[in-house]
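Just so it is clear, none of the values below were taken in a lab; they were calculated from the coordinates. Just so you know, these numbers come straight off a predicted model, no measurement behind them. Heads up, the Cβs are rebuilt from the backbone with ideal geometry, glycines too, and the neighbour counts pull from every protein chain shown.
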């Protein structure tokens with residue numbers, strides 16, 4: 001039914017559209033503080049559904065086919081952000097088994113054995129590890145948070161992560177350092193190593209750029225933002241020995257996380273295309289450097305597939 005409906009959408013609309021799904025981590029098992037991330041079982045049925053009901057293409061190839069008017073109906077591309085090692089350890093075996101291509105947008109500054117984890121993961125780790133009771137961060141300009149129940153921990157992690165996104169880098173570093181000290185526990189390494197990055201590339205997974213340190217670009221001056229974009233690309237190219245053609249804006253909300261200035265920087269850096277986190281499908285009339293890409297949140301296979309078809313039907317006019 002999904003295949004028939006998707007083909008009918010392409011025929012009746014008279015145009016082709018491309019849905020790009022986006023992930024970050026794949027979890028070994030469910031985690032109440034990471035409810036938006038699929039565990040291994042959910043990721044497997046999602047990939048199986050894509051393999052059976054959609055035409056899954058490499059992202060760069062799909063964009064070229066869209067330009068040429070030769071994009072197959074029901075085309076979907078698979079992407080991951082940030083560069084978590086679970087893409088290598090957990091996702092890659094499933095992608096290989098099902099012969100599915102993918103793109104990983106890598107935050108280059110974390111691809112090393114001693115780079116540590118991203119700040120948001122350190123927040124989550126601390127909230128998971130701290131004992132029950134209040135978490136008073138009022139001296140950092142924040143609030144006193146509750147950690148008594150799992151639901152309170154989930155809310156606290158979400159609120160601290162959202163607050164941290166838009167803090168100045170120095171203030172965010174102080175917050176993360178405080179939480180590290182309070183939790184008193186080592187963080188398990190979460191990010192790709194250079195060897196894992198090379199293994200992904202050797203397996204046909206395209207490596208895209210996602211800046212050096214994953215800042216909100218609007219929080220930086222122009223010189224710093226340009227460096228994050230261009231040097232992140234150069235670092236990855238040095239590691240894999242080939243051009244990095246695709247870019248994803250950190251956090252990805254147009255007008256809030258990046259502006260037209262940053263779009264120009266990405267274009268001038270020599271990328272082929274760049275991606276936001278807007279909902280909807282890619283159509284041929286869109287700005288190549290502000291292409292939508294999102295995640296179907298549905299946990300039931302038919303609704304998951306139907307969500308993708310709705311994106312294809314509505315293009316970038318998907319209701320928010």
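Here are some notes:
- Segment 182-210-segment 27-92 distance, computed between alpha-carbon centres (Å): 17 Å
- Put in line by how crowded their Cβ is, counting other Cβ atoms within 10 Å and starting with the fewest, 45, 119, 311 read 45, 119, 311.
- Ranked 54, 43, 105, criterion: other C-beta atoms within 10 Å, fewest first: 43, 54, 105
- Note on segment 114-133 and segment 215-276: Cα centroid distance 27 Å, given to the nearest whole angstrom.
- Across the chain, C-alpha contacts under 8 Å between residues 6 or more apart give a mean separation that, scaled by the residue count, equals a relative contact order of 21 percent.
- Oblate is the label for segment 168-278, because the ratio a/c of its alpha-carbon gyration tensor axes (a ≥ b ≥ c) is 1.5 or higher and a/b is not greater than b/c.
- The antiparallel fraction among DSSP beta bridges confined to the chain stands at about 15%.
- Ascending count of other beta-carbon atoms within 10 Å, so fewest first, for 61, 82, 257, 222: 222, 61, 257, 82
- Structure-derived Cα Rg over 2.2 N^0.38 Å: which label, when the choices are [x] 1.00; [y] 1.25; [z] 1.17: [x]
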